[in-house]
Amino acid sequence: MRMMNTLIRPLLPVLMMPVLIMFCAPVQAVEYLSVRAAQAVLFPEATRFVSRPLKLERKQLDQILEQAQSSMRTNRWKLWEARQGDALLGFVMTDAVIGKHELFGYAVAFDRQGVVRRVRIMSYLETQGGEVREPAWLRQFEGRHAGSALQLGKGIDNISGATLSCRHLTEGIRRLAFYARNHLAVPAAQPVAPSSITVSAAVSVLP
């Protein structure tokens, strides 16, 4: 036994190295969809996506947060028009919210009236809660808008073991829905001129 210990002791650092690497290596976010891929999934019939800058005055943002009955820890909104030729089909918005500890990205498609068409998760980092990616769960958001039931436990079912991710994603979509209703929705009979805006930008709040 003593001889075995003498032989093994010098090898311990080498034997332990894979374990140390496993626990010390940084966790990388898994990207499931790029922006371009998400746009194609959300609006497969679109022929082009035109980026639009998002600029809100502080009082406009405060109004959205009050209407959505939530706060916002991050400021990562981006917006594109989905067009088929010159015809406006709707809008794609991307955002990121906190899961339990880390941000995860998602994209939402709104029609011209601000109604949710589809939701897709673009990236997810957490080791738990990834069930929010499931298409069956995400389908709950389809057809909802700022005026409909859009709260966890009130229109949107929870996933056991993924409560924080479910809650924060639902809150994020609700904020975007109010933005869509307040600033994007177009009356059904109103034609929409082709957009000339081509600069992509994260939402900025004007003082």
Please arrange His168, His101 by how many other C-beta atoms lie within 10 Å of their C-beta, fewest to most. His101, His168
Counting only C-alpha contacts under 8 Å and six or more residues apart, can you give the relative contact order of region 63-102 as a whole percent? 33
Let's test the formula: R0 of 25 Å, r as the Cβ-Cβ distance of Ile159 and Asn182. What FRET efficiency results, to the nearest 0.05? 0.25
Please sort 125-132, 152-159 by packing, taking for each peptide the average over its residues of neighbouring beta carbons within 10 angstrom, highest first. 125-132, 152-159
Neighbourhood net charge (13 Å Cβ-Cβ; Lys/Arg +1, Asp/Glu -1) for Leu138: +2
Report the FRET efficiency, 1/(1 + (r/R0)^6), for Thr47 and Lys100, where r is their Cβ-Cβ distance and R0 is 30 Å, rounded to 0.05. 0.15
Order the peptides 61-71, 80-90 from the highest to the lowest mean number of other Cβ atoms within 10 Å of their residues. 80-90, 61-71
Given an 8 Å cut-off on Cα distances and at least 6 residues of separation, report the relative contact order of region 29-187 as a percent. 22
Sorting Ile98, Ile121 on the 10 Å Cβ count, fewest up front, what's the list? Ile98, Ile121
Could you calculate the contour length gain from Arg58 to Val30, that is, 0.36 nm times the residue separation minus the distance between their Cα atoms, to one decimal place in nm? 6.8 nm
Arrange the following residues from fewest to most other Cβ atoms within 10 Å of their Cβ: Met93, Met72, Met122. Met72, Met122, Met93
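The numbers here are math on the coordinates, done by the rules we state, and not lab data. Nothing here was measured: the structure is a model prediction, and the numbers come from that model. Reconstructed Cβ throughout: ideal geometry from the backbone, glycine too, with neighbour counts over all protein chains shown.
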